[in-house]
1. Kindly provide the set of residues from the range 143-192 that are buried (at least 24 other Cβ atoms within 10 Å of the Cβ) and either β-branched (Val, Ile, Thr) or at pLDDT below 95 (or both), ordered by number.
2. Criterion first (within 16 Å of the ligand (Cβ to nearest atom) and on the phi > 0 side of the Ramachandran plot) does Gly251 satisfy it?
3. So which residues in the range 281-301 are over 14 Å from Trp163 (Cβ atoms) and hydrophobic (A, V, I, L, M, F, W, C)?
4. So, Tyr199, is that one touching a residue at least 24 places away in the same chain (Cβ under 8 Å) and either in contact with a Phe, Trp or Tyr (Cβ under 8 Å, 6 or more places away or on another chain) or not in a strand (DSSP E or B) (or both) or not?
5. With the structure loaded, tell me whether Gly5 is touching a Leu at 6+ places or on another chain (Cβ under 8 Å) and closer than 21 Å to Glu294 by Cβ or whether it fails that test.
6. Could you list, ordered by first residue, the pairs with Cβ atoms under 6 Å in which the first is in the range 10-23 and surrounded by 14 or more Cβ atoms within 10 Å (Cβ to Cβ) and the second is assigned to a helix (DSSP H, G or I), at least 6 apart or interchain?
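The values are calculated or read from the model by the stated rules, or taken from the named source; none is laboratory data. As the structure is a computational prediction, the values presented were derived from the model and not from experiment. Cβ placement follows ideal geometry from the backbone for every residue including glycine, while neighbour counts extend to all protein chains displayed.
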Amino acid sequence: MRRTGYVYALRYLLHDPGSWHPERPDRLKAIHDALVDSDVFELLVRLRPDYAPLKWVERLHDPDYIRRFKEACEQGRQILDTQDCGISKDSYLTALLAVGGVMMAVDSVMKGELDNAFCAVRPPGHHAERDRAKGFCFFNNVAIGAVYALENYGLERVAIVDWDVHHGNGTQHLFEDDPRVFYVSLHEDPQFCYPGTGYRREEGKGPGKGFNLNLPFPPRSEDSDYLEALKKEALPLLRQFAPQLVFISAGFDAHTKDPLAHMNLTREGYREMGRLVLDLALETAGGRLITVLEGGYNLEVLEECVEDHLRLLLDIPYDHF
Ligand SMILES: [Zn+2]
């Protein structure tokens with residue numbers, strides 16, 4: 001069995017983007033309640049997050065944007081930047097706590113106290129740009145975690161594998177000229193799906209060219225399509241890159257039952273993708289893997305897929321199914 005951290009806080013439920021919004025507090029509550037009911041929970045090491053220091057948030061986000069977000073919450077505004085980024089008075093602090101949760105996972109894994117970790121955080125992060133909120137996201141949790149690992153722990157190479165069904169425009173843009181971060185995204189073709197970026201031709205810029213791999217898939221793609229692309233295209237490049245720490249931006253919205261996109265992945269497909277990425281981490285990064293929740297809007301899918309992923313991280317057998 002491996003030592004696996006689990007980041008969660010009741011305060012993650014305080015960000016309320018509006019009653020109509022798919023990125024609702026119930027997502028995280030469902031994940032947590034299902035875990036507590038399972039035999040997995042007692043095996044996890046609970047990590048209780050703190051608010052991220054502004055210094056690290058400012059490393060990737062514009063200070064004016066951070067201030068604008070804080071003030072919008074204090075003033076009781078309901079939207080930040082775009083209609084889909086609903087906010088409430090607690091959203092700013094909740095977003096800082098999400099970043100802080102990922103940073104705490106980085107600390108535990110980099111110090112060798114844990115082998116790997118899962119961060120059940122919200123709001124999600126991968127659409128957040130340097131100077132604006134986008135696509136339910138405010139601060140780019142995984143990106144700040146990556147830069148924190150690089151600069152606080154002296155790493156040289158970090159990989160982020162993003163299997164959320166939507167392209168992680170924010171993560172790509174924050175690192176597109178940075179050869180220290182290899183970003184791989186598997187997502188629905190931008191011609192058909194939000195956010196309209198993530199074409200293959202977007203390969204990174206300047207010194208970062210070649211360290212950004214977009215793998216877009218047409219609607220109704222299946223497990224085998226994702227797994228083949230991961231095995232044949234992404235993993236050979238990632239092995240060559242040899243990351244010292246691996247992150248997964250884990251959205252579960254490519255599942256066939258998810259209401260927001262149009263893909264046909266299954267629970268088994270997510271199990272297998274997780275195994276492939278974990279194998280990479282075991283080969284090149286001493287097993288150091290940090291998974292950060294992004295999207296996923298069917299509660300049953302979230303419960304099942306997150307529990308499966310934690311079994312993989314812990315190295316215990318899957319449940320019946
Ligand atoms: Zn998504």
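1. Selection gives Ile144, Val158, Ile160, Val161, Val165, Thr171, Val181, Val184.
2. It is false that Gly251 is within 16 Å of the ligand (Cβ to nearest atom) and on the phi > 0 side of the Ramachandran plot.
3. Passing the criteria: Ala281, Leu282, Ala285, Ile290, Leu299.
4. no
5. Criteria met by Gly5.
6. Once the first residue is surrounded by 14 or more Cβ atoms within 10 Å (Cβ to Cβ) and sits in the range 10-23, its partners that are assigned to a helix (DSSP H, G or I) give Arg11/Leu97; Tyr12/Leu28; Leu13/Pro25; Leu14/Thr94; His15/Ser91; His15/Thr94.
Residue-by-condition table, conditions (1) within 22 Å of Leu174 (Cβ to Cβ); (2) touching a Ser or Thr at 6+ places or on another chain (Cβ under 8 Å):
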{"site": "Arg201", "(1), (2)": "yes, no"}
{"site": "Leu213", "(1), (2)": "yes, yes"}
{"site": "Pro218", "(1), (2)": "no, no"}
{"site": "Tyr226", "(1), (2)": "no, no"}
{"site": "Glu233", "(1), (2)": "no, no"}
{"site": "Ala242", "(1), (2)": "yes, yes"}
{"site": "His262", "(1), (2)": "no, no"}
{"site": "Arg267", "(1), (2)": "no, no"}
{"site": "Leu276", "(1), (2)": "no, no"}
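Residue-by-condition table, conditions (1) touching a Gly at 6+ places or on another chain (Cβ under 8 Å); (2) surrounded by 21 or more Cβ atoms within 10 Å (Cβ to Cβ); (3) modelled with pLDDT under 95:
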{"residue": "Leu227", "(1), (2), (3)": "yes, no, no"}
{"residue": "Lys232", "(1), (2), (3)": "no, no, no"}
{"residue": "Leu245", "(1), (2), (3)": "no, yes, no"}
{"residue": "Leu260", "(1), (2), (3)": "yes, no, yes"}
{"residue": "Leu265", "(1), (2), (3)": "no, yes, no"}
{"residue": "Glu268", "(1), (2), (3)": "no, no, no"}
{"residue": "Glu272", "(1), (2), (3)": "no, no, no"}
{"residue": "Leu282", "(1), (2), (3)": "no, no, no"}
